[in-house]
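Working notes, beginning with the structure itself.
Each value in this text was obtained by applying a stated rule to the coordinates, not by laboratory testing. Nothing here was measured: the structure is a model prediction, and the numbers come from that model. A quick note on method: Cβ atoms are made from the backbone with ideal geometry, for glycine too, and the neighbour counts reach across all protein chains shown.
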């Protein structure tokens, strides 16, 4: 089976972001960018499927600026076979991403698409579910483990009260949660090898998509600051404050 | 203007998340109908009809909705969309699962995890793990929205809305529920609890969480954990409070042995009162705590247990 993994270039998760003073967005100048952590987990899962002989080919696709090519190279160094860069400098909303990916799916005919459950920049948590809807496929979101049976996929999902298992027909969409696996670090020889792997450069229109926004970002603001409180000297003082001053006990 | 709110429930009972999301739905303006889709979910529908401000409760009672599997849920909701200007659901793992599917079926954007309603088409939502707030205006005729319930007070009771059966939608037949493993606990849900006591890596192992369990039982509190404690295998995944776990806003949050990574703060910094117990006085958790106690948790937690006893717990 062929596995498609869409990946996004985002601000590195270790970066403390700053809201621009004019409230037009978050300052991305000279900020370290990396692959979205949930997408790394998705790439790892696809590569493991290939290593187990379940998948024959792993294709990664990224929609974004020219530099997203570096993100694709990272995935190729982890073990993906080839990449597709759908180049655009626009802000692309999840619905547009899903529509472009639908075009990629139609061109490549994968049997499984694994995505990160959400990107850590816009925290939308939408693309996988939207792609599933557009294709009419089943979805196993927030996956903690996946197991392929004949023609079906059992997905253990992380839900509010514990875990849930659903069986989806293939082809299907899976979105990766934190504990699906621990992504590998690419080795130096694999990083060198990845430089020779092919990356196709395309435009959104090549897959029947566009980047027309539905939402207007009016402004981006700082979250309300929480003031540090006081240090108490003892547990007795703490309980007294909580009971008598705050009334929460 | 009319709004459809999709209820979160367990068939037998309505989840508190529904009453909180109702407050967001009411803020948009116009009538709010509540959809209860489940199996033998009459009790949940009754509870929804009693919420103040509900115009009508629609009930889709069928085994295909028993576990809120996304594909039939989305088909049902999209089928009802014609009568509504906005469709909301709480941003629970269920709502997050089926709502984007609904949005794509309707060819509209989804606005995820709203924390305020600024107008009928304008909302704010956290981005970058809550380190920035995005204020967005929707250009779509129909709005599909998930609600961060910790940001809204629960609507009260006192309503008596009519309950109407609605036709069962298609089952696309591409998925089926196989089973579930739910953490058994007599304590309140993390997202509904008024008091939460959470442990971090400083707890050292799973057995030590029993100290927190004891206090939780005294206070009627829920027990949570940081990602570090979950990753270390001390407690199950669904204990996790944080950006990728549960977002909570209780009256009192007690963080024990938690350093306060940004990821964790994103999940609890809207709590009314935050207490931190940590032996490292430089721990970032103290920067958001109303009351900090620099102490070894293995002495402080038993002391807390004893002090609570003295004040009647």
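From zero outward in steps of 10 Å, how is the percent of C-alpha pairs of the protein assembly as shown spread across the bins?
4, 18, 27, 27, 18, 6, 1, 0
How far is helix A:94-108 tilted off the main Cα axis of chain A, in degrees rounded to 10, range 0 to 90?
Helix A:94-108 and the main axis of chain A meet at about 20 degrees.
For segment B:104-209, give the share of DSSP beta bridges that are antiparallel, in percent and rounded to the nearest 5; count only bridges with both residues there.
Values: 9 of 12 bridges.
Here the share of antiparallel DSSP bridges comes out near 75 percent.
Over what distance in Å are the Cα centres of segment A:112-190 and segment B:151-169 separated?
32
Provide, as a two-decimal number, the C-alpha radius of gyration of segment A:121-239 over 2.2 N^0.38 Å, N being how many residues it has. Write out the running numbers ahead of the final one.
Numbers: Rg = 22.4 Å, N = 119, 2.2 N^0.38 = 13.5 Å.
For segment A:121-239, the normalised Cα radius of gyration comes out at 1.66.
How much of the DSSP beta bridge set in segment A:1-138 is antiparallel, as a percent to the nearest 5?
Working: 4 of 18 bridges.
Bridges in segment A:1-138 that DSSP calls antiparallel: roughly 20 percent.
For segment B:274-313, what log10 I(q)/I(0) values come out of the Debye formula at q = 0.33 1/Å, with one point per alpha carbon and no solvent?
Once normalised to I(0) and log-transformed, intensities are -1.02.
Just to be sure I understand the curve: with the Debye formula and one point per C-alpha of chain B, what is log10 I(q)/I(0) at q = 0.10, 0.13 Å⁻¹?
-0.60, -0.95
Is there a simple number for the mean count of other chain Cβ atoms within 10 Å of the Cβ of residues in B:165-173, and what is it?
Values: counts 0, 0, 0, 0, 0, 0, 0, 5, 2.
Mean number of neighbouring Cβ atoms from other chains: 1.
How much of the DSSP beta bridge set in the protein assembly as shown is antiparallel, as a percent to the nearest 5? Show your work: numbers first, answer last.
On the way: 42 of 117 bridges.
So the antiparallel bridges in the protein assembly as shown amount to around 35 percent.
I want to verify the translational diffusion coefficient of segment B:190-313 in µm²/s; compute it with Stokes-Einstein, Rh as the Kirkwood radius over Cα pairs, at 37 °C and 0.692 mPa s.
Answer, rounded: 236 µm²/s.
Mind computing the radius of gyration and Dmax over the alpha-carbon atoms of segment B:144-200? Å is fine for both.
Radius of gyration, then largest Cα-Cα span, for segment B:144-200: 18.0, 47 Å.
Based on the mean of other beta carbon atoms within 10 Å per residue, what is the order of A:73-81, A:225-233, A:110-118, B:131-139, most packed first? Kindly include the intermediate steps, with their values, before the conclusion.
On the way: A:73-81: 22.8, A:225-233: 13.2, A:110-118: 25.9, B:131-139: 18.9.
Packing proxy ranking, top to bottom: A:110-118, A:73-81, B:131-139, A:225-233.
Name the residue, out of A:187, A:34, A:145, whose mean-square fluctuation peaks in a Gaussian network model built on chain A with Cα pairs under 10 Å.
Maximum fluctuation in the GNM of chain A, among the listed residues, is at A:187.
Which residues in segment B:138-173 have a backbone N closer than 19 Å to a point placed 7 Å from the Cα of residue A:246 along the Cα-to-Cβ line?
Under cut-off, by backbone N: B:150-151.
Angle between the Cα long axis of helix B:93-106 and the longest principal axis of chain B, 0 to 90 degrees, nearest 10?
Once rounded, the angle reads 30 degrees.
How large is log10 I(q)/I(0) at q = 0.10, 0.16, 0.17 Å⁻¹ when the Debye formula is applied to the Cα atoms of chain A, each weighted equally and without solvent?
Reported log10 I(q)/I(0), two decimals: -0.55, -1.14, -1.27.
Under the definition of partner shielding as Cβ atoms of other protein chains within 10 Å of a residue Cβ, what is the mean value for peptide B:64-71?
Averaged over the peptide's residues, the number is 3.
Count, for each residue of A:222-228, the Cβ atoms from other chains sitting within 10 Å of its Cβ, then give me the mean as a whole number. Let's see the in-between values first.
On the way: counts 3, 12, 3, 3, 9, 3, 8.
The per-residue average across the peptide is 6.
I'd like to compare A:25-31, B:14-20: which one has the highest average count of other Cβ atoms within 10 Å, and what's the full order after that?
Numbers: A:25-31: 12.0, B:14-20: 24.0.
Listed from highest to lowest mean packing, they are B:14-20, A:25-31.
Taking only Cα atoms, what is the 0 to 90° angle, nearest 10, from helix B:16-28's long axis to the longest principal axis of chain B?
Taking Cα atoms only, the helix is inclined about 60 degrees.
Classify segment A:1-57 from the C-alpha gyration tensor, please: rounded if a/c falls under 1.5, else prolate or oblate depending on whether a/b exceeds b/c.
Numbers: a/c = 5.15, a/b = 3.53, b/c = 1.46.
Here segment A:1-57 falls in the prolate category.
Only helical DSSP H runs with n ≥ 4 go in: add -39500 (n - 2.57) per run for the protein assembly as shown, normalise by residue count and round the 222 nm mean residue ellipticity to 500 deg cm²/dmol.
Only helices count here, giving -7500 deg cm²/dmol.
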